[in-house]
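Working notes for the structure below.
Only the coordinates and a few stated rules stand behind these numbers; no lab work does. Bear in mind that the values here come from a model prediction, so they are computed numbers and not experimental data.
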Amino acid sequence: MLIFDSGIGGLSILKTIKMIFPNIHYIYILDNEVFPYGNKTEHFIIHRIITIIKKIKKIYPINIVLIACNTVSTVALSFLKKTFNFPIIGIFPDINAAEKITKNHIIGLIATKKTIQSSYTQKLVYEKSFNNAIKIISTNQLALIAEKKIRKIAFSKLDLKKILTPWLNLSIKPDTIILGCTHFTFLKKEIKESLHLSSSINFIDSRQKMLFALQNYLHKLKNHQNIQQNIFLYSKNDQYLKQLLFFLKKYQFNKIAYINLN
Ligand code: DGL
């Protein structure tokens with residue numbers, strides 16, 4: 001299985017996958033050379049992801065791809081599915097799930113600018129706005145704060161509050177928040193604190209649907225264990241990458257290496 005993201009966001013998904021499928025082997029790509037995807041063009045994202053999948057497929061016998069990134073999924077998944085003939089699973093802001101559990105019908109949706117602009121999100125927001133008030137925050141900064149937190153680098157709480165200002169100013173706050181970027185799962189506590197939310201707030205990070213699809217495909221694939229190790233590949237070697245290594249320990253990768261994705 002190949003799983004990838006521009007940064008650490010996909011690791012939050014991988015953590016759950018390891019719990020549900022403890023024997024699965026995987027290659028994780030951290031495309032940190034071009035982080036964040038959220039400020040790239042659609043053309044760039046599609047081209048980049050095709051390059052990644054083709055490159056990895058040439059080296060490793062992967063037979064399933066998990067796009068652990070809402071930005072790539074909303075912008076490129078349908079295109080990628082037409083390009084490759086093996087299962088590719090994406091992750092999307094799950095507005096349907098939010099609608100099912102909200103009580104006050106005020107739903108918060110926070111995601112990267114590209115995810116919010118995508119026709120997938122725009123269409124769903126339009127449909128769901130008949131019965132709910134959907135309060136959107138579109139930000140390319142929050143993923144960077146998550147990257148800092150994981151590395152134990154100090155980040156400004158004020159910056160976080162600034163990002164969340166549209167919700168802070170609401171007289172009635174959302175009772176359900178869709179974390180439409182895999183990075184944001186790491187910031188649940190900080191988001192809750194900054195907004196002074198009660199503990200009954202619902203966070204939806206959409207991983208259930210992705211994991212359900214993965215489970216289905218794994219059932220269908222007779223031999224999905226083509227890879228015998230867990231490998232972590234990064235596309236840029238810098239100080240910032242070194243600061244991540246400690247966090248990676250708990251994922252028990254057998255190999256951590258650089259890959260040229262150009
Ligand atoms: N983790 C990615 C997502 O789910 C986005 C971070 C980025 O902008 O690269 O959208």
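Would you mind estimating how fast segment 215-262 diffuses translationally, via Stokes-Einstein at 25 °C and 0.890 mPa s with the Kirkwood radius over Cα pairs, in µm²/s? Present the calculation step by step, with values, prior to reporting the outcome.
Working: Rh = 13.0 Å.
Result for D is 189 µm²/s.
Using only the alpha carbons of segment 186-229, determine the length spanned along each of the three principal axes and report them from longest to shortest in whole angstroms.
If we take the Cα atoms of segment 186-229, the spans are 48, 22, 10 Å.
Per residue, how big is the convex hull of segment 70-221 when only Cα atoms are used? Give it in Å³. Present the calculation step by step, with values, prior to reporting the outcome.
Values: hull volume 19.8 nm³, N = 152.
Hull volume over Cα atoms, normalised by residue count, gives 130 Å³.
Determine the alpha carbon to alpha carbon distance for each of Lys15/Lys250; Lys148/Lys236; Lys157/Lys192; Lys55/Lys113; Lys149/Lys189; Lys157/Lys236 and list only those over 19 Å.
Working: Lys15/Lys250 9 Å; Lys148/Lys236 17 Å; Lys157/Lys192 12 Å; Lys55/Lys113 28 Å; Lys149/Lys189 12 Å; Lys157/Lys236 28 Å.
Violating the 19 Å Cα-Cα cut-off are Lys55/Lys113; Lys157/Lys236.
Tell me the relative contact order for the chain as a rounded percent, counting alpha carbon contacts under 8 Å between residues six or more apart. Mind showing how you got there, number by number?
Numbers: 431 pairs, mean separation 66.4, N = 262.
The normalised contact order for the chain reaches 25 percent.
At q = 0.12, 0.16, 0.19 Å⁻¹, work out log10 I(q)/I(0) for segment 132-262 with the Debye formula, treating every Cα as an identical point scatterer and leaving solvent out; two decimals please.
Rounded to two decimals, the profile gives -0.67, -1.02, -1.19.
Output the direction-averaged projected area (hull surface divided by four) of the convex hull of the alpha-carbon atoms of segment 63-157, in nm².
Mean projected area for segment 63-157: 8.1 nm², to one decimal.
What is the projected area of the convex hull of the Cα atoms of the chain, averaged over all directions, in nm²? Show your work: numbers first, answer last.
Working: hull surface 54.7 nm².
Mean projected area for the chain: 13.7 nm², to one decimal.
Whole Å is fine, so just give me how far the alpha carbon centre of segment 96-118 lies from that of segment 165-216.
Measuring centre to centre over Cα atoms gives 9 Å.
How much of the DSSP bridge set in the chain is antiparallel, in percent, rounded to the nearest 5? Working shown, then result.
On the way: 0 of 31 bridges.
The antiparallel proportion sits near 0 percent.
Would you mind listing how long segment 50-99 runs along its three principal axes, going by Cα atoms, in whole Å with the largest first?
42, 16, 16
Starting at 0 and stepping by 5 Å, how many percent of the alpha carbon pairs of segment 98-141 end up in each bin?
Percent of pairs per bin, in order: 6, 23, 31, 24, 12, 4.
Measure nothing but the geometry: give the 0 to 90° angle between the long axis through the Cα atoms of 42-59 and the longest principal axis through the Cα atoms of the chain, rounded to 10°.
Here the helix axis deviates by roughly 30 degrees.
Calculate the all-directions average of the projected area of segment 1-135's alpha-carbon convex hull, and give it in nm². Don't skip to the answer; put the middle values down first.
On the way: hull surface 35.6 nm².
Averaging across all directions leaves 8.9 nm² for the Cα convex hull.
How big is the C-alpha Rg of segment 129-183 next to the rule-of-thumb value 2.2 N^0.38 Å, as a ratio?
Values: Rg = 13.0 Å, N = 55, 2.2 N^0.38 = 10.1 Å.
Relative to the 2.2 N^0.38 Å estimate, segment 129-183 comes out at 1.29.
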